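J.: A single structure is presented below for examination.
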2 protein chains.
Amino acid sequence: MQKLTLKKIAQELEVSISTVSKALKDSPEIGEDTKEKIKAFAKLYNYKPNNIALSLKNRKTRTLGVIIPEIVHHFFTTVISGIEEVAEEMGYTVIIGLSNESFEKEVTNMDKLANGSIDGFILSVSKDTQLRQDFHHLKETIDQGMPIVMFDRAIPEIDCDKVIVDDEEGARKAVKMLLENGASKVAIITTEDHINVGKLRTAGYISALEQSGVPINEALILKLKDAYNDEANLDKLNQEIHSFVLKNAQIDAIFAVNEKYALTAMRAVQLAGKSIPDDIQVVGFTDGVLSRFATPALTTVSQHGKELGRKAARLLIDRIEKDNFDPPFTTVVLETELIQRESTR
Amino acid sequence: MQKLTLKKIAQELEVSISTVSKALKDSPEIGEDTKEKIKAFAKLYNYKPNNIALSLKNRKTRTLGVIIPEIVHHFFTTVISGIEEVAEEMGYTVIIGLSNESFEKEVTNMDKLANGSIDGFILSVSKDTQLRQDFHHLKETIDQGMPIVMFDRAIPEIDCDKVIVDDEEGARKAVKMLLENGASKVAIITTEDHINVGKLRTAGYISALEQSGVPINEALILKLKDAYNDEANLDKLNQEIHSFVLKNAQIDAIFAVNEKYALTAMRAVQLAGKSIPDDIQVVGFTDGVLSRFATPALTTVSQHGKELGRKAARLLIDRIEKDNFDPPFTTVVLETELIQRESTR
DNA sequence: TTTGGTTACGAAATCGTTGTAGTGTTAATA
DNA sequence: TATTAACACTACAACGATTTCGTAACCAAA
């Protein structure tokens, strides 16, 4: 049985297409008995209007395009689940595009979706894009009247709605707690500075130390190359972190800018025969499964990913439905939350 | 600047719409200089054909609908990444629908996408659907000429392409290895039987024991209620597993049907003062981040999620492009791989 | 001059839907 | 009896693209 269309119903019942359309919309123009007949037929054969035709007619797709760097990633999936929740609520569909942290893929993916498939974007730019500082694709889509909401990894130069995490403050809170718990040699394991969130978290670490009058010791700052995040280079990552921990025996606390770094550090510490949290306290960033199931369970800075996704989706849908794509744009800053578990005192 | 259409180009250059269309497709019907002019204009103003219009015309969307029970889930995202890879390669887009393990949401999500938005489904049914044994929505979409590829949680009663994991064999391999390593009291932590994969893994456990001549001891089989998988009931899950471990002091190996159960069991074992793998070996199922970052790193049965996604996408795209929605259907069974890490001897 | 064949383009149908603007019939009003 | 209004429906254009068919203009061969 092929898909039912208005045309087929019209032929079957020997009325015009318009009559069928109006009858199904319960228009007063159509006589009661005709309406009944058409509705019954439609129901019986389970007629559902064709979305594509509607999208073309209305020039609205009720679809949101979400572009993320990676999908096998706890934080991003949490955000998606928030987006999906609101989208579902408001009758929208979600298309996912993956950039795989590549600028090219980000551009082609956006280009593809921008041609009528969606009503707006929710996106977190790839590392590659941050590195190249090439944002022409973002500017162009906005210029073409397509609204964008950026999240987490936002670009200051681009004028659009944004939902970001207060990374700096989150890091500051974490490091201050470490200090208050009696630590004085707090190390940080972070990324290179071109990764925006890494930079911000590093800034939070430094400002926490400064505000507490603790001198900054460059030796306690480990900036890991981005390439080490590949599955293939896991060994290298391990090595770097292990030797960092061994070299700096005075460390009494570690702040890591993600779960992976934190867990690897915990391992290194334990292998070095020190106990967590008694000898060394550890805090991570991002509240994922790793933190919860680590031994000891990792104290971490939660980013409220789901709430972030919800906010982003609401902002975007609001713009779409109000047909308002002009400034002013909002930037929502979500506060982080320090989740105390067993890796701190 | 609004989106450019063929019509606008035609008006601007004072030719007909057909001429523009043909010129851009480099049709020999159009004169060289006219073609040049039109192409230059289109390029300058970055014309891209409207996907929705094309979809309507061709009655093909080049879009795949993926319905999964959950997105914050390592296995499913791995599968998606595989699907996405092939989709990208073949010029397809991916729409994600989440069922949240609910039958209702599965049905409404599928209904929504089935109305012209996609060319076919790749899906893993919700637990709720498995429990209710109500598959009318699957039958109906197939009847309407929409191809479906099921993965992982497949329904035997539904005739369509399937890509599944050899859960039983995977479990058998894991348990046999435990036995070969000298274990004799192997416990299993599994789900209730209405969860298909749980059931299969339990069957594998039992068959491994039988084939090795080890008597089955019902006391060593822990079936956990599905409700315990909720974040909210994490305590209850912990409790159940901990008391199971304590109650059965004779256990010398544990096979858990997922990472969460495995990690929780590891914790319970360690808290009980026993060492892994010396006193008790532990094996999990699903090769996620948890296994890799656990201490000790968890030996696990990998399902090759990415490959599964790739296979599923290829099967679906093949059907779509060959316009062949009829039997025979294929069932691809993916072999699992035992990844030896530190939690076994 | 007539016929035929290129060349270079345009008109119109189509995909499935919606909404506006008719249209034919009947009944009520002036 | 002529006008008008209400009713119940249909025709048509539009959304943006493709594609088949048609045709005007030109040149060459008969």
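The values are calculated or read from the model by the stated rules, or taken from the named source; none is laboratory data. Remember, predicted model here, so these are calculated numbers, not experimental data. Every residue, glycine as well, gets a Cβ built from its backbone with ideal geometry; the counts of neighbours run over all protein chains shown. Heads up: the accessible areas ignore ligands, DNA and RNA and are worked out on the full protein's heavy atoms, side chains in. Shrake-Rupley method; radii C 1.70, N 1.55, O 1.52, S 1.80 Å.
J.: When you check A:SER291 against the structure, is it within 30 Å of A:VAL94 (Cα to Cα), crowded, with 24+ Cβ neighbours inside 10 Å and either in contact with a Leu (Cβ under 7 Å, 6 or more places away or on another chain) or not polar (S, T, N, Q) (or both), yes or no?
T.: yes
J.: Specify which of the listed residues (A:ILE52, A:ILE80) is open to solvent by less than 70 Å² (accessible area, probe 1.4 Å), modelled with pLDDT of 95 or more, farther than 30 Å from A:ASP287 by Cβ and at the interface with chain B (Cβ under 8 Å from one of its Cβ atoms).
T.: Just a single option satisfies the conditions, and that option is A:ILE52.
J.: Give the residue that is modelled with the lowest pLDDT, with candidates limited to residues of region A:178-217 that are over 25 Å from A:LYS247 (Cβ atoms) and among the aliphatic types (A, V, I, L, M).
T.: A:VAL197
Residue-by-condition table, conditions (1) crowded, with 20+ Cβ neighbours inside 10 Å; (2) in contact (Cβ under 8 Å) with a residue 12 or more places away in the chain; (3) farther than 23 Å from A:GLU101 by Cα:
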{"position": "A:ILE216", "(1), (2), (3)": "no, no, yes"}
{"position": "A:LEU222", "(1), (2), (3)": "yes, yes, no"}
{"position": "A:ASP235", "(1), (2), (3)": "no, no, no"}
{"position": "A:ASN238", "(1), (2), (3)": "no, yes, no"}
{"position": "A:LEU246", "(1), (2), (3)": "no, yes, yes"}
{"position": "A:GLN250", "(1), (2), (3)": "no, yes, yes"}
{"position": "A:ALA253", "(1), (2), (3)": "yes, yes, yes"}
{"position": "A:ALA256", "(1), (2), (3)": "yes, yes, no"}
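J.: I'd like to check something: does region B:172-185 contain any residue that is free of Cβ contacts under 8 Å to residues at least 12 places away in the same chain, polar (S, T, N, Q) and at negative phi?
T.: No, there is no match, as no residue in region B:172-185 is free of Cβ contacts under 8 Å to residues at least 12 places away in the same chain, polar (S, T, N, Q) and at negative phi.
J.: Scan region A:335-345 and tell me whether some residue there is crowded, with 19+ Cβ neighbours inside 10 Å and within 19 Å of the chain's Cα centre (by Cα).
T.: Checked region A:335-345: at least one residue is crowded, with 19+ Cβ neighbours inside 10 Å and within 19 Å of the chain's Cα centre (by Cα).
J.: I'd like the residue in region A:30-48 that is open to solvent by less than 60 Å² (accessible area, probe 1.4 Å) and within 14 Å of chain B (Cβ to nearest Cβ) and, out of all such residues, is nearest to DNA strand C (Cβ to nearest atom).
T.: A:TYR47
J.: Still on this model: Looking at region A:85-99, can you tell me whether even one residue there is of a type in the set (S, T, N, Q) and either more than 9 Å from chain B (Cβ to nearest Cβ) or farther than 30 Å from B:GLY288 by Cβ (or both)?
T.: Yes, region A:85-99 contains a residue that is of a type in the set (S, T, N, Q) and either more than 9 Å from chain B (Cβ to nearest Cβ) or farther than 30 Å from B:GLY288 by Cβ (or both).
J.: Any idea which residue in region A:100-121 is farthest from the other protein chains (Cβ to nearest Cβ), counting only those that are touching a strand residue (DSSP E or B) at 6+ places or on another chain (Cβ under 8 Å) and of a type in the set (S, T, N, Q)?
T.: A:ASN109
J.: Have a look at B:GLU104, B:GLU85, B:GLU89, B:GLU32 and point out the one that is away from DNA strand D (no atom under 16 Å from the Cβ) and closer than 28 Å to B:ASP230 by Cα.
T.: Just a single option satisfies the conditions, and that option is B:GLU104.
J.: Name the single residue, out of those in region A:60-75 being in contact (Cβ under 8 Å) with a residue 24 or more places away in the chain and at the interface with another protein chain (Cβ under 9 Å from one of its Cβ atoms), that is nearest to DNA strand D (Cβ to nearest atom).
T.: Going through the qualifying residues, I end up with A:THR61.
J.: What do you reckon, is A:LEU209 surrounded by 15 or more Cβ atoms within 10 Å (Cβ to Cβ) and more than 20 Å from A:TYR261 (Cα to Cα)?
T.: Yes; evaluated as a whole, the condition is true for this residue.
J.: Within the set of pairs 6 or more residues apart or between chains, which connect a residue that is more than 14 Å from chain A (Cβ to nearest Cβ) and open to solvent by 100 Å² or more (accessible area, probe 1.4 Å) inside region B:11-29 to a residue that is within 7 Å of DNA strand D (Cβ to nearest atom) and part of a loop (DSSP other than H, G, I, E, B) with Cβ atoms less than 6 Å apart?
T.: So the pair list comes out empty.
J.: Among the residues of region A:19-50, count how many are assigned to a helix (DSSP H, G or I) and over 16 Å from A:LYS7 (Cβ atoms).
T.: Result for region A:19-50: 10.
J.: Then there is this: What are the residue pairs meeting all of these: first residue in region B:134-151, first residue more than 12 Å from every other protein chain (Cβ to nearest Cβ) and under 24 Å from B:ARG314 (Cβ atoms), second residue surrounded by 16 or more Cβ atoms within 10 Å (Cβ to Cβ) and charged (D, E, K, R), Cβ atoms under 6 Å, and 6 or more apart or on different chains?
T.: From region B:134-151, the pairs are B:PRO147/B:ARG319; B:VAL149/B:ASP161; B:MET150/B:LYS162.
J.: What helices (runs of 4 or more DSSP H) completely inside region B:101-164 contain at least 1 residues that are in contact with a Lys or Arg (Cβ under 6 Å, 6 or more places away or on another chain)?
T.: Hits in region B:101-164: B:103-114.
J.: Residue under question is A:VAL269, and the condition is that it be among the aliphatic types (A, V, I, L, M) and assigned to a strand (DSSP E or B); does it hold?
T.: Considered against the rule, which asks whether it is among the aliphatic types (A, V, I, L, M) and assigned to a strand (DSSP E or B), A:VAL269 comes out as no.
J.: From B:ILE80, B:ILE95, which residue is part of a helix (DSSP H, G or I), within 30 Å of the chain's Cα centre (by Cα) and assigned by TED's automatic domain parsing to the domain that holds B:GLN133?
T.: Sole residue among the options that is part of a helix (DSSP H, G or I), within 30 Å of the chain's Cα centre (by Cα) and assigned by TED's automatic domain parsing to the domain that holds B:GLN133: B:ILE80.
J.: Going by the conditions given, is B:LYS260 within 24 Å of B:HIS74 (Cα to Cα), in a helix (DSSP H, G or I), basic (Lys, Arg) and without any contact (Cβ under 8 Å) to a residue 24 or more places away in the chain?
T.: no
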